[in-house]
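**Q** Just passing along the structure, written as structure tokens.
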Amino acid sequence: MKPIDITEQILQMHEEDVIQQMITDTQEELATDIPSDLQKELDLCLSKTKMSENQSTDNVITLERKENNIVAFPFAETELLAASGTSLADWFSQPINFAGGGFTLDIRRVFGTKDEIDLYLSPTDSEKMSASFDVYKGKSLKLIITNNGNTLLTAELYIDDTGQEAEGSGQLIDLDATPVQGKISIDIEVIE
């Protein structure tokens, strides 16, 4: 014969009796009338579901996700000094030092053009610069330089295999922009 756990069977019978008694009590209570606080709660829940059902989705457009979504992300930032130029024509007349990244950004206008530039990154701290560009060694980057949310220039830049030299060319965006003051930020995208 198989041993039977009587305690477990008694507990199971008791649970079934308690559940049955709760169901019976609830049915008797609701047979005459639903309590007002319960009715208010039910009405509130029903109105919320009706509101969510009535929302129109006619003005919602579904956008398909592109496979090659590349998002630029902040890379470096520095503060322009008071002696920096106040117009786009001269904000880059002196090299800009990004001490946290260990490099200096040198931007030079291409002779005979209005908005074409060449740019060079050179180390102020070789170890820092190499560490900053470690994941980008031997790759091309799209560089976007902004000032207070306004794009000043975009460029393509190649980082050498050591991560200590980089150069590229690009274009100034708007020569008639508001004065360039405050923070200069560099955002980058990897170009595969």
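The values are calculated or read from the model by the stated rules, or taken from the named source; none is laboratory data. A quick note: this is a predicted structure, and the numbers were derived from the prediction, not measured. Note: ideal-geometry Cβ built from the backbone for every residue, glycine included; neighbour counts use all protein chains shown. Note: areas computed on protein heavy atoms with side chains; ligands, DNA, RNA excluded. Shrake-Rupley method; radii C 1.70, N 1.55, O 1.52, S 1.80 Å.
**Q** Can you tell me which residues in the stretch 24-43 are surrounded by 10 or more Cβ atoms within 10 Å (Cβ to Cβ) and not in a loop (DSSP other than H, G, I, E, B)?
**A** Thr24, Asp25, Thr26, Glu29, Leu30, Leu38, Gln39, Lys40, Glu41, Leu42, Asp43
**Q** So which residues in the stretch 129-149 are in contact with a strand residue (DSSP E or B) (Cβ under 8 Å, 6 or more places away or on another chain) and either within 24 Å of Lys114 (Cβ to Cβ) or in a strand (DSSP E or B) (or both)?
**A** Ser140, Leu141, Lys142, Leu143, Ile144, Ile145, Thr146, Asn147, Asn148 - these are the residues of the stretch 129-149 that are in contact with a strand residue (DSSP E or B) (Cβ under 8 Å, 6 or more places away or on another chain) and either within 24 Å of Lys114 (Cβ to Cβ) or in a strand (DSSP E or B) (or both).
**Q** Still on this model: State yes or no: is Ile10 at pLDDT 80 or above and surrounded by 10 or more Cβ atoms within 10 Å (Cβ to Cβ)?
**A** So Ile10 fits the description; yes.
Residues checked against (1) over 20 Å from Gly101 (Cα atoms); (2) open to solvent by 70 Å² or more (accessible area, probe 1.4 Å); (3) assigned to a helix (DSSP H, G or I); (4) of a type in the set (A, V, I, L, M, F, W, C):
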| residue | (1), (2), (3), (4) |
| --- | --- |
| Lys114 | yes, yes, no, no |
| Glu127 | no, yes, yes, no |
| Thr151 | yes, no, no, no |
| Gln181 | yes, yes, no, no |
